[in-house]
1. About the Cα centre, and with charges only on the beta carbon of Lys, Arg (+1) and Asp, Glu (-1), how big is the dipole of the protein assembly as shown? Nearest 20 debye, please.
2. By how many degrees, 0 to 90 and rounded to 10, does the Cα axis of helix A:90-107 deviate from the longest principal axis of chain A?
3. Quick one: order A:M23, A:M192 from most to least accessible surface, probe 1.4 Å.
4. Under a 10 Å cutoff between Cα atoms, tell me which one of B:F187, B:F139, B:F111 has the largest fluctuation in the Gaussian network model of chain B.
5. Over region A:19-157, what is the relative contact order in percent, taking alpha-carbon pairs closer than 8 angstrom and at least six residues apart?
6. By what distance, in whole Å, do the Cα atoms of region B:22-137 stretch along each of the three principal axes, largest value first?
7. Set Lys and Arg Cβ to +1 and Asp and Glu Cβ to -1, take the dipole of the protein assembly as shown about its Cα centre, and tell me which of A:S92, A:L147, A:Y104 lies farthest positive.
8. Between the helical axis of A:162-178 and the dominant principal axis of chain A, each derived from Cα atoms, what acute angle in degrees is found, rounded to the nearest 10?
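The values are calculated or read from the model by the stated rules, or taken from the named source; none is laboratory data. The structure presented is a predicted model; accordingly, all values stated were derived computationally and were not measured. So basically every Cβ, Gly included, is an ideal-geometry build from the backbone, and we count neighbours across all protein chains shown. Quick note on the areas: whole protein, heavy atoms, side chains included, nothing else; ligands and nucleic acids left out. Shrake-Rupley method; radii C 1.70, N 1.55, O 1.52, S 1.80 Å.
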2 protein chains.
Amino acid sequence: MEDTKTSPKPRVRDAEATQKRIMAAAKKEFARNGLGGARVDVIAEQAKANKRMIYHYFESKETLFQRVLEEAYSDIRSAEQKLQLDHLDARSALEKLVRFTWKYYLDNPEFITLVNSENLHKAKHLKKSELIHTMSRRFVSMVGELLERGVKEGVFRDGIDPVQLNITIAAINYYYLTNRFTGSIVFERNLMAPEALEERLTFNIETIMRLVCKD
Amino acid sequence: MEDTKTSPKPRVRDAEATQKRIMAAAKKEFARNGLGGARVDVIAEQAKANKRMIYHYFESKETLFQRVLEEAYSDIRSAEQKLQLDHLDARSALEKLVRFTWKYYLDNPEFITLVNSENLHKAKHLKKSELIHTMSRRFVSMVGELLERGVKEGVFRDGIDPVQLNITIAAINYYYLTNRFTGSIVFERNLMAPEALEERLTFNIETIMRLVCKD
DNA sequence: CAATCAACGCACTAACTAGTTACTTTATAT
DNA sequence: ATATAAAGTAACTAGTTAGTGCGTTGATTG
């Protein structure tokens, strides 16, 4: 946090900054190539650090991956908490949540790839994480409260499971983006063209609204 | 196809059978570990073949992966074609399609992992494939025709894009299963318990019906 | 039955990769 | 200033890994 010399000799010793550069480089490399495909040497180079530093601050490649993954989850959960859905009527709040999810995945494609990689490894790194549960619970109850409020307002159907809804909102946005390469070939259309993205978002909002709203 | 000796000495020379064993072993290994994580030696061993044979029949690890991927797509597309949705009224046909998709992913988890791995590699192997397009077109028109028929029957909404619907049906089923490990931790429930699977299928059918059907 | 060709397998290599050893450089506390 | 601990680096190691060279074995055909 403290600026250690803005003067003559530029890059000096700074443990915190080095760790941050390593984390950033690791996130990029893990996202691009998965845990198995990522190269520690590449991370070191990209971080403008030495490979030894990675093993100094993080004990192994896997530990580094775990840290990156935790940070990725912590980032999305904290962004969700800033949504302030309770300031809006239930319908608008739900739409806002869908729009947010879409935009978040679009702006942070590493999140998707990291999660895919973690699932390939049967979530063995996430299992070790403590803070995941606290963050997740808050997220689920946020949606749960929104659903309850919508029912009270008389606009949402009753009896919808917040977890199923969460999964579905994630699914329709996530799947489209994670499978954008094979999808573009299979459906012979560029799924990442601006109009295509617009169209998908509209479709997804419609899907969720029809699922949740009365009539 | 011809049974070369069912008599005394069991496993003799059989090019076709060896190739099939290699393909099967490769599918398993690629699905379990992705293209990068898969080991050619493991494939050879699992196939009860020699590594040399892999390079004899398939020119490289990547070519083998491409063949496995093509076969996986060809398998699901051909299973879809056997559905005979036109024998049912539109609503039942749509439900049948959702049920089929769910069950197919559940019974063939390798398909999901292979597709994930291919997307990590930006679909570079699928790009080279010729027959993908023919199969995909037939699939899209199958759903397109179903939608048209439902509109004529007066049960489906008009103007739904078959591609968007296809993607959504795949998404809500695929996402739940591919992210079952992280999902089970994040939501603190075993997403693969029989009741959970049942519940998810019901929810997914509801989602699609509400999206497509009138009122 | 001899010759030919395809199926098969051992043992190697060249390149790579996670992790380490042993060292130098810099900030800081006395 | 200077001792000390932390930050940083280069070069190495031990183990893997995709891919091959070359020889053997068995089926087929004239």
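1. On the way: 70 positive and 62 negative charges, 346 e Å.
Approximately 1660 debye in magnitude.
2. 30
3. Values: A:M23 15, A:M192 70 Å².
Output order, biggest surface exposure first: A:M192, A:M23.
4. B:F187
5. Values: 106 pairs, mean separation 37.9, N = 139.
Dividing the mean separation by the residue count of region A:19-157 yields 27 percent.
6. 53, 25, 23
7. Positive-end residue among those listed: A:Y104.
8. Approximately 60 degrees, to the nearest 10.
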